[in-house]
Amino acid sequence: MSLITFAVTERFRDVLDRANELLKDIHGGVYELRLGTHEGRAGGKTGLPIEVFDRRTERSTEPSTLSGGETFFVSLALALALADVIQAENGGISMETLFIDEGFGTLSSDYLNTVMDTLEKLHQMGGKKVGIISHVEGLKERIKTQIQVRRIDSSRSEIEVVNIL
């Protein structure tokens with residue numbers, strides 16, 4: 001293993017460790033992310049493989065077997081973990097805002113409610129601001145501050161900040 005591969009792998013382990021801390025509070029702590037032992041896509045040349053350990057079944061699986069909602073929770077934990085690791089290693093540069101365009105329309109209503117509860121909890125706990133890019137009508141009731149973009153004509157749009165009480 002080259003020095004560069006070793007360094008990247010160790011940094012990736014830091015991200016996985018932080019993601020696992022976050023996953024304890026997300027979706028009931030069902031999943032744990034582990035550095036995989038299988039080859040990644042294209043024979044391992046496109047990145048480090050991740051395995052998802054499911055505490056309910058005591059088995060590891062590849063992320064591709066997760067449902068849309070489960071993938072959302074794992075992706076959210078990884079994104080937040082990466083921001084935290086970058087912040088910790090760069091003199092405390094704050095990464096307080098995250099935008100998500102995850103295809104909320106594909107989530108079941110149960111997962112959508114759980115996702116929104118989780119995002120609200122993360123905001124309250126850590127002060128992170130999470131922006132959601134979505135066309136899902138059901139989200140409009142739950143998002144207190146919205147940036148709405150409306151098309152005026154083929155070349156112009158209007159942006160409005162709306163506070164929902």
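Run the 1.4 Å probe and let me know the accessible area of Thr37, rounded to the nearest 10 Å².
Ignoring ligands and nucleic acids, Thr37 comes out at about 130 Å².
What's the carbon and sulfur percent of the chain's accessible surface, probe 1.4 angstrom, rounded to a whole number? Spell out each step's value before the answer.
On the way: 5750 of 10820 Å².
The C+S portion of the solvent-accessible surface of the chain is 53 percent.
If each of Phe99 and Leu35 carries a label point 7 Å out from its Cα toward its Cβ, how far apart are those two points in nm?
3.3 nm
To the nearest whole percent, what portion of all C-alpha pairs in segment 58-146 is separated by more than 15 angstrom? Mind showing how you got there, number by number?
Numbers: 2471 of 3916 pairs.
So the pairs more than 15 Å apart make up 63 percent of the total in segment 58-146.
Working out 0.36 nm times the residue gap between Asp153 and Glu62, then minus their Cα-Cα distance, what length gain in nm do you get to one decimal? List each step's numbers first, then the result.
Details: separation 91, 0.36 × 91 = 32.76 nm, distance 4.54 nm.
Going from the current span to full extension adds 28.2 nm.
Write down the percent of antiparallel bridges among all DSSP beta bridges whose residues are both part of the chain, to the nearest 5.
Details: 16 of 20 bridges.
Bridges in the chain that DSSP calls antiparallel: roughly 80 percent.
Return the whole-Å distance between the Cα centroid of segment 87-165 and the Cα centroid of segment 14-37.
If we compute the Cα centre of each part, the gap is 23 Å.
I need the peptides 104-114, 131-141 ranked by packing, meaning the mean over residues of other C-beta atoms within 10 angstrom, with the highest value on top. Kindly include the intermediate steps, with their values, before the conclusion.
Working: 104-114: 15.0, 131-141: 13.1.
For the peptides 104-114, 131-141, the packing ranking is 104-114, 131-141.
Where in the chain are the helices, taken as whole DSSP H runs, whose Cα atoms extend 18 angstrom or more along the long axis and whose Kyte-Doolittle mean reaches at least 0.5? Please report the intermediate quantities before stating the final value.
On the way: long enough: 3-23 (30 Å, 0.23); 68-89 (31 Å, 1.20); 109-126 (25 Å, -0.51).
Going by DSSP H runs, the hits are 68-89.
Please find the FRET efficiency linking Asp54 to Asp117, where r is the Cβ-Cβ separation and R0 is fixed at 30 Å, and quote it to the nearest 0.05.
Working: r = 21 Å, r/R0 = 0.71.
FRET efficiency, Asp54 to Asp117: 0.90.
Sorting check: for 11-23, 68-80, which peptide has the highest mean count of neighbouring beta carbons within 10 Å, and how do the rest follow? Numbers along the way, then the final one.
Details: 11-23: 17.9, 68-80: 19.8.
Descending mean neighbour count gives 68-80, 11-23.
Averaged per residue, what accessible area in Å² does the chain show with a 1.4 Å probe, protein chains only? Can you show the working numbers first?
Details: 10820 Å² over 165 residues.
Ligands and nucleic acids excluded, the result is 66 Å² per residue.
The values are calculated or read from the model by the stated rules, or taken from the named source; none is laboratory data. As the structure is a computational prediction, the values presented were derived from the model and not from experiment. As a convention, Cβ positions derive from the backbone with ideal geometry for all residues, glycine included, and neighbour counts pool all protein chains shown. These accessible areas exclude ligands, DNA and RNA; they are computed on the full protein's heavy atoms, side chains included. Shrake-Rupley method; radii C 1.70, N 1.55, O 1.52, S 1.80 Å.
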